[in-house]
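**Q** First, the structure itself, so that you have it in front of you.
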Amino acid sequence: MEQMRRKVILVTDGDHIAQKAVESVAREMGGRCISLSAGNPTPVRGEQVVELIKMTPHDPVIVMFDDNGDYGKGRGERAIEYVALHPDIEVIGVIAVASNTKWVHGATVAYSVDNQGQIVEEAVDKDGYADEQLQHRIYGDTVDILNTLKLPNVIGIGDIGKMDGRDSLQNGCPITKRAVQWIMERSGAYDDSHREKTADLRAD
């Protein structure tokens with residue numbers, strides 16, 4: 001019997017605050033977070049990330065990646081590339097995190113979630129403010145690889161767990177949660193009629 005591909009959401013941030021936010025949202029949404037992938041920069045290679053994904057009990061699996069400001073294709077982006085291209089992995093969406101990095105090309109997004117939790121047809125900056133002058137590009141240190149991979153359901157977001165406290169752990173990380181919900185809805189992995197977390201998404 002052919003093994004089902006694991007459904008994965010990529011997050012281009014992995015600092016301590018982002019880790020706590022993503023872990024909290026994953027629990028609430030019924031998914032799993034690969035906490036070992038968090039760090040500045042990403043401490044594990046793509047091969048290790050895939051093995052960790054396969055060890056999780058059910059989908060969706062949320063994985064964090066971070067280049068820690070490294071110029072060019074850093075450890076986080078190399079790990080993203082490996083995971084995204086692996087035959088056992090199905091990337092159902094990407095949360096592209098803005099960090100206002102100056103030397104990057106930026107990743108093109110059609111949609112973002114702003115610091116009010118609204119889905120907007122613009123890119124946002126680090127603080128979660130939509131800005132037409134960004135021309136639909138998220139500028140972060142771990143996002144350039146997304147342009148070459150052509151992954152589905154890419155949504156921009158400000159600095160996860162922050163945005164002047166609007167996405168804090170104390171507030172329930174509503175902006176990060178909205179981004180995850182959006183991906184799950186768009187990918188068919190979320191039961192919108194019941195607004196409940198989906199426990200197991202491996203069956204079509």
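The values are calculated or read from the model by the stated rules, or taken from the named source; none is laboratory data. Since the structure is predicted, the reported quantities are computational estimates derived from the model, not experimental observations. For neighbour counting, all protein chains shown are included, and Cβ atoms are generated from backbone atoms with ideal geometry for every residue, glycine included. Heavy atoms of the whole protein, side chains included, go into the accessibility calculation; ligands, DNA and RNA do not. Shrake-Rupley method; radii C 1.70, N 1.55, O 1.52, S 1.80 Å.
**Q** Equivalent ellipsoid semi-axes for segment 77-148, as square roots of 5 times the alpha carbon gyration tensor eigenvalues: give them largest first, rounded to whole Å.
**A** The equivalent ellipsoid of segment 77-148 has semi-axes of 23, 14, 9 Å.
**Q** Using the alpha carbon gyration tensor of segment 1-123, what are the three equivalent-ellipsoid semi-axes (square root of 5 times each eigenvalue), largest first, in whole Å?
**A** 22, 18, 14
**Q** Under 10 Å, Cα contacts only: if you run a Gaussian network model on the chain, which one of Asp88, Asp141, Asp125 comes out with the highest mean-square fluctuation?
**A** The residue with the greatest mean-square fluctuation here is Asp88.
**Q** Assign unit charges at the C-beta atoms only (+1 for Lys and Arg, -1 for Asp and Glu), then state the dipole size of the chain relative to its Cα centre in Debye, rounded to the nearest 20.
**A** Computed about the Cα centre, the dipole is about 380 debye.
**Q** Something else: Leaving ligands, DNA and RNA out of it, report the carbon-plus-sulfur percent of the accessible area of segment 78-135 at a 1.4 Å probe.
**A** Its accessible area is 43 percent carbon and sulfur atoms.
**Q** Could you name the lysines in cross-link range of Lys150, using Cα to Cα under 19 Å and dropping any fewer than eight places away on the same chain?
**A** Cα-Cα hits under 19 Å: Lys7, Lys73.
**Q** A further question on this structure: Return the single residue from Met29, Met55, Met64 with maximal mean-square fluctuation; model: Gaussian network over the chain, springs between Cα atoms under 10 Å.
**A** Evaluated over the chain, the most mobile residue of the options is Met55.
**Q** In square angstrom, rounded to the nearest 10, how much accessible surface does Cys33 have for a 1.4 Å probe?
**A** It works out to around 30 Å².
**Q** Compute the distance in nm between two label points, each set 7 Å from the Cα along the Cα-to-Cβ direction, one at Gln48 and one at Arg27.
**A** Computed distance between label sites Gln48 and Arg27 equals 2.4 nm.
**Q** A further question on this structure: Contact order normalised by length for the chain, with contacts defined as Cα pairs under 8 Å and 6 or more residues apart; what percent is it?
**A** Rounded, it is 25 percent for the chain.
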